[in-house]
Amino acid sequence: MTVKQTPLKDCFVVEPNVFKDERGSFFESFNSKTFKENTGLDIDFVQDNQSISQYGTIRGLHFQTGEFAQAKLIRVAQGEVLDVVVDMRPESETYLKQFGYVLTGENNHQLFVPRGFAHGFACLSYEAIFVYKCDNYYHKASESGILFNDETLNIDWQIPKKEQIVSEKDQNLPRLEAYLNS
């Protein structure tokens, strides 16, 4: 496993060792000991989630607040997504900075997203199976988010506007400025 620091503090790209032969391939998607040795973080994942999206789907930018904040380890089992994170931690030197990374079922890369980050993704392939581990349970009352197309963040989702599929809930998330002033 290779772990690379992204431009955002505490956010890592994890590249597993993939073993291929005539039968197919194998890789270890997570090993707590190896992860801790490479990141210095002792994470206890308690929940696994999966979503399936079609081309043009944009989900996010989501996060949970307070004691229910979640760190996530994200990967794509099939297809291709642009995964985007925004550091929402006021005490961080990368506060309000963003990072995007393409995760695919072919590259098997993963993105570790620490607590306090907003997260979203856009499906760039016909269909994508998106899988992630969380270190805290889902808590509806702690849900929060930022509007996916906020002008301040100006995220290029790599999907033409007329082809974007966004839930009503995500279209009604607050803009960054409104969230910060609430």
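Couple of notes before you dig in:
- The candidate values were [x] 36, 17, 15; [y] 26, 21, 14; [z] 23, 21, 16; the one computed from these coordinates for semi-axes √(5λ) of the Cα gyration tensor in Å carries the label [y].
- Members of K4/K133; K4/K140; K4/K36; K9/K72; K9/K161 lying beyond 21 Å, as alpha-carbon distances in this model show: K4/K140; K9/K161
- Between the beta carbons of H139 and E163, assuming R0 = 45 Å, the FRET efficiency works out to 0.85 to the nearest 0.05.
- Computed on the chain, with alpha-carbon pairs under 8 angstrom and 6+ residues apart, the relative contact order is 28 percent.
- S182/F30 FRET efficiency (R0 35 Å; Cβ-Cβ; nearest 0.05): 0.50
- Note on K162: lysines with a C-alpha under 29 Å away, same-chain residues under 8 apart excluded, are K97.
- Counting neighbouring Cβ atoms within 10 Å and putting the fewest first, the residues K72, K4 line up as K4, K72.
- A viscosity of 0.692 mPa s and a temperature of 37 °C, combined with the Kirkwood radius over C-alpha pairs in the Stokes-Einstein formula, give the stretch 120-164 a diffusion coefficient of 244 µm²/s.
- Among V13, V46, V85, the largest mean-square fluctuation in a Gaussian network model of the chain (Cα springs under 10 Å) belongs to V46.
- GNM top mover of G56, G24, G116 - the chain, alpha-carbon springs below 10 Å: G24
- Neighbour counting of Cβ atoms within 10 Å sorts the residues K169, K161, fewest neighbours leading, into K161, K169.
- In the elastic network of the chain, a GNM with C-alpha springs shorter than 10 Å, the most mobile of S25, S167, S142 is S25.
- Ordering I155, I146, I74 by the number of other Cβ atoms within 10 Å of each residue's own Cβ, fewest first, gives I155, I74, I146.
Bear in mind that the values in this text are calculations on the coordinates, not laboratory data. Note that the coordinates shown come from a computational prediction; the quantities given were computed from them, not determined experimentally. Methodologically, a virtual Cβ is constructed for each residue, glycine included, from the backbone with ideal geometry; neighbour enumeration extends over all protein chains shown.
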